[in-house]
Amino acid sequence: MPVLIQSHISSSSRSIPPPNSLLHINPSLLRPNCRAEDRIFLWKGVNTPPASTISNPTIQLIATIASRASLRETSSYGSGLRKFHLFCDIFTIPEAQRLPASFELLHSFALWAATDPSMLDPDLTLGVRFEPVSVSVVRKYLSAIRAWHIAQGWAPPLSEADHERINWSLRGLENIQGNRKSPLRPPITIPMLRALRATLNLNDPFEACIWAMALCAFWGMMRFSEVSVSSRSAFDKSKHLKRCDVHFGVDLDGKQYARLDLPSAKTARPGQTQSVFLIPQEGLCPLQALQNLARVVPAGPDDPLFSWRDKRGDVRPMVKVAAIDFINTILKSWGWGTAFGHSFRIGGASFYLSQKIDPEIIRLAGRWRSLAYEAYIRAFEQIASRHFGNALAQSQV
């Protein structure tokens with residue numbers, strides 16, 4: 001099967017806005033600026049951990065390599081560590097008490113992170129800043145702190161009894177506040193895609209990339225992290241789609257298709273490749289969008305698939321926050337609200353369900369491990385009337 005074709009260099013000038021954050025941690029030499037997935041290894045403490053191997057350089061090197069390879073996905077752990085140090089900065093916790101962390105400190109952190117300040121008397125908070133998340137996310141943050149301790153050579157900071165005590169408090173906050181969750185992600189719809197197409201200049205490298213990633217994410221029901229990167233320096237050809245990972249072919253019915261071979265995926269085992277299959281779609285065709293991207297943004301086989309060229313002619317991977325911000329600007333101008341990265345995956349499932357595609361086929365195509373009940377219900381609410389509407393009038397009762 002032929003590989004996506006590249007040609008000569010073109011260029012474009014586009015500024016990428018930095019990610020937004022409500023609060024920021026204090027700068028420290030102990031916490032160098034690095035990718036989120038590297039924080040558990042590069043962010044240090046002032047205390048020296050006990051030895052975990054004999055003092056032999058070969059054994060110590062093996063231990064370091066093994067520790068680095070122990071976790072497949074650590075970017076979410078980076079968010080937890082950021083939140084923990086933000087809490088410590090707000091409450092002026094000395095560096096010596098952060099690693100290793102005590103039960104008292106982590107219990108306090110969990111309470112702060114899960115608390116909605118609107119339920120508190122403002123006169124009693126004494127100006128304390130909050131950045132609340134759901135209880136389920138707090139538990140993930142505690143897992144991140146545990147992993148950080150182990151990676152830095154310390155024992156896990158919490159015992160089973162400690163976890164029970166913290167969970168007791170978190171359940172209490174859930175009972176008071178309700179099980180607060182992030183707002184449901186609205187699905188991207190066909191009219192939204194048509195609005196994007198009407199607005200974008202497909203001869204512009206940045207916008208041609210936006211268009212290709214939007215259609216692939218929608219029709220392939222892909223996670224947006226699979227078509228973008230968290231930062232320019234985060235691109236890793238062993239994890240992210242490259243130009244050589246796109247193949248075009250013809251199926252048994254003589255129909256064209258494109259196959260994207262993901263080097264790494266959330267539901268894949270280490271080293272396992274997962275494939276996304278795309279077929280032509282009239283007016284909103286992902287195959288045509290990929291071919292247009294190859295024409296407008298020529299690149300080498302190991303360059304990022306979803307990339308654009310800046311004014312110097314450098315190939316730049318598409319950063320997630322830049323893409324979402326750009327897409328939202330367009331959608332808002334057409335009268336819609338804010339979309340999220342996962343909106344494309346849910347939108348694709350919604351559309352296929354509306355066409356009465358077998359949910360099992362959707363599960364396979366979207367690479368869900370299960371029937372993804374909650375995702376399908378979120379999608380189904382968009383087209384429920386097509387299945388249940390006017391049922392009484394059509395009955396014989």
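The values are calculated or read from the model by the stated rules, or taken from the named source; none is laboratory data. Treat the numbers as computed from the prediction; the structure is a model and nothing was measured. Every residue, glycine among them, receives a Cβ derived from its backbone with ideal geometry; neighbour counts consider all protein chains shown. Protein only, heavy atoms only, side chains kept; ligands, DNA and RNA dropped before computing areas. Shrake-Rupley method; radii C 1.70, N 1.55, O 1.52, S 1.80 Å.
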Taking the Cα centre of region 138-180 as origin, work out the dipole magnitude from +1 charges on Lys and Arg Cβ and -1 charges on Asp and Glu Cβ, in debye rounded to 20. 180
Efficiency of FRET between residue 26 and residue 257 - r from beta-carbon atoms, R0 56 angstrom, step 0.05: 0.65
Would you calculate the separation in nanometres between label points at residue 336 and residue 361, each defined as 7 Å from the Cα along the Cα-to-beta-carbon direction? 2.4
Counting only protein heavy atoms and rolling a 1.4 Å probe, one gets per residue an accessible area for region 217-296 in Å² of 47
For an R0 of 35 angstrom, estimate the FRET efficiency from the Cβ-Cβ distance between residue 201 and residue 136 and round to the nearest 0.05. 0.25
For region 253-364, the percent of all C-alpha pairs falling in each 5 Å bin, from 0 up to the bin holding the max distance, is 2, 8, 12, 19, 23, 19, 11, 4, 1, 0
With viscosity set to 0.890 mPa s and temperature to 25 °C, compute the Stokes-Einstein D of region 46-96, Rh being the Kirkwood radius across alpha carbon pairs; µm²/s, no decimals. 179
Give the calculated FRET efficiency between residue 277 and residue 155 to the nearest 0.05, with a Förster radius of 51 Å applied to their Cβ-Cβ distance. 0.65
Residue pairs, from the table 255/356; 242/332; 140/356; 255/320; 255/332, whose Cα atoms sit over 28 Å apart: 242/332; 140/356; 255/320; 255/332
In Hz, Karplus ³J(HN,Hα) per residue of region 149-155 (6.51, -1.76, 1.60; θ = phi - 60°; x = Gly, Pro): 4, 5, 4, 8, x, 9, 6
Could you give log10 I(q)/I(0) at q = 0.08, 0.10 Å⁻¹ for region 86-241, computed by the Debye formula over C-alpha point scatterers of equal weight, without solvent? -0.41, -0.61
Could you list which residues have their amide H under 5 Å from that of residue 262, counting only those 5 or more apart in sequence or on another chain, with H placed in the peptide plane? 274, 275, 276
